[in-house]
1. Out of all the residues in segment 324-353, which are in contact with a strand residue (DSSP E or B) (Cβ under 7 Å, 6 or more places away or on another chain) and either over 15 Å from residue 291 (Cα atoms) or not in a strand (DSSP E or B) (or both)?
2. Can you work out which of the residues in segment 354-376 that are touching a helix residue (DSSP H, G or I) at 6+ places or on another chain (Cβ under 6 Å) and assigned to a strand (DSSP E or B) is farthest from residue 402 (Cα to Cα)?
3. Taking the criterion of being under 20 Å from residue 54 (Cβ atoms), in contact with a helix residue (DSSP H, G or I) (Cβ under 9 Å, 6 or more places away or on another chain) and in contact (Cβ under 8 Å) with a residue 12 or more places away in the chain, would at least one residue in segment 132-149 satisfy it?
4. Might you check whether a residue that is modelled with pLDDT of 95 or more and touching a helix residue (DSSP H, G or I) at 6+ places or on another chain (Cβ under 7 Å) occurs anywhere in segment 295-307?
5. Is it true that some residue in segment 251-259 is under 24 Å from the mean Cα position of the chain (by Cα), under 29 Å from residue 340 (Cβ atoms) and either modelled with pLDDT under 95 or surrounded by fewer than 22 Cβ atoms within 10 Å (Cβ to Cβ) (or both)?
6. Testing residue 181 on (1) in a loop (DSSP other than H, G, I, E, B); (2) farther than 22 Å from residue 115 by Cβ, one condition comes back false. Which one is that?
7. It is to be established whether one or more residues within segment 98-109 are more than 22 Å from the chain's Cα centre (by Cα), within 30 Å of residue 68 (Cβ to Cβ) and in the same structural domain as residue 56 (by TED's automatic domain parsing).
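The values are calculated or read from the model by the stated rules, or taken from the named source; none is laboratory data. Quick caveat, the model's predicted, so the values are computed rather than measured. Neighbour counts are summed over all protein chains in view; Cβ atoms, including those assigned to glycine, are modelled from backbone coordinates with ideal geometry.
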C-alpha cells in the first residue's frame, strides 16, 4: 500500500486538547463478539469504530486489591491528533493504573514534517509512568524489512481485561484519524478469545522487539478464529485458501440457490493470484462480487490493478457462476455519495473447509497487495461466525448501494 501521508494542519492545538476527567466505565458487562462499522455518509455513524474502541479503553480497570491493572496494547499505522479523543482515553487509562503500550509506525511520527507526533507521544511517556510508546524504524516495519517502503500497517487493540471480560482482541481496518472515519468505509471485529489474544500478544511482543524478518509468517488457530501475521517470503494464504477450501455448490441453507457467494471489499487489490483463484471459483459456479478501489496515480500499482480487473473480467467457460465488479472511489459530481473503501475483507457464504452452509469472514489490515504479503507488518483474521458474517454482509450491501 502506498505510504499514507498526513496533513499537519491544525495539529498543534489538537495535541494540547484538555483531557476529560471521566471515570472508567464499571467492568460489569461481558464483551460480545461482534463487528463494528463506520458509515462516512451518516454523521452520527462516522466514528462508530473509534467510539467502540474508546468504550473498551474506558472499561479497562486500573489496579485494585483483587488484581493488577489491565494492560492495553495498541499496534497502529497512523494515529493523529484528529483522533485525540482516543488518545485521551488511553491517558485516562494510564492515570488510573492501566498499563498502555502503544506501537506506531514511523511514517506519521518520525519522518521530517511529522516529528511533532513522535515528540508528543514521548512526552506522554515521560509524564505518565504507565504509558509506554515505541516506533518502528524509519523506512521499514518493526519486523518487515524486505523493501524500503515497508511499514507497520497493523491496526489492532488488545485488552487483558475490559468490560467484565478477559483477553479481548479488536482487529480493525481503520487508522485512527478523521479521514478514516469521515471519508472512508472501515470495519472492526471485537472478539473475546483467549487463544487468539495470546497469539496477538506474542506477535505484539515481536513487533516491539523490532527484529527484522522477511519471512515472519506466524499462524494461529483458536476456536472459531484463525490469524496470519505477515510478511511471508513465499506463498499466498488467501489464494491458497480459496483454491483448497471453497466449493461452489451443495449448500442447502445459505448462499444463493445452493451456490456459494463470495463478497470482497478491498482498498488495494493487486494480487493476480487472488484474482485467478476467484475467477476459477466463479467458473465452477460460485457467485463473486468485488468492490474495489483503483489507485489512479500510483505506479506500478495501477498496472497491477488493471491486470486484476482484466483477470476477473474474462468470460466464464461454464454456466451458473458470475463475477461482478464494483468500482468505488472518491465523490464525483455525478455521484457525491461515493467514498473510498478502506476496509479489507472477504466474505464466504457457502461451502467452506469441508462444511456446507458455512459463513466465514476474512478481515484485518491486509490488502490484497504484494506489499501486504511480502513487505509489511500485517494481519489477516478469519472468523467463522454466521452473526459476524451477516453483519459484514449488511455493510457490503450498504457500500454497493452508494456506487454507480
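1. Those that are in contact with a strand residue (DSSP E or B) (Cβ under 7 Å, 6 or more places away or on another chain) and either over 15 Å from residue 291 (Cα atoms) or not in a strand (DSSP E or B) (or both): 328, 329, 330, 339, 342, 343, 349, 350, 351, 352.
2. Here the residue is 359.
3. Yes, the conditions are met somewhere in segment 132-149.
4. There is no residue in segment 295-307 that is modelled with pLDDT of 95 or more and touching a helix residue (DSSP H, G or I) at 6+ places or on another chain (Cβ under 7 Å).
5. Scanning segment 251-259, I find no residue that is under 24 Å from the mean Cα position of the chain (by Cα), under 29 Å from residue 340 (Cβ atoms) and either modelled with pLDDT under 95 or surrounded by fewer than 22 Cβ atoms within 10 Å (Cβ to Cβ) (or both), so the answer is no.
6. Every condition holds for residue 181 apart from (1).
7. Yes, that holds for at least one residue.
Quick grid of which residues meet (1) surrounded by 15 or more Cβ atoms within 10 Å (Cβ to Cβ); (2) under 23 Å from residue 343 (Cα atoms); (3) within 20 Å of the chain's Cα centre (by Cα):
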position	(1), (2), (3)
113	no, no, no
117	yes, no, no
129	no, no, no
142	yes, yes, yes
156	yes, yes, yes
159	yes, yes, yes
163	yes, no, no
167	yes, no, yes
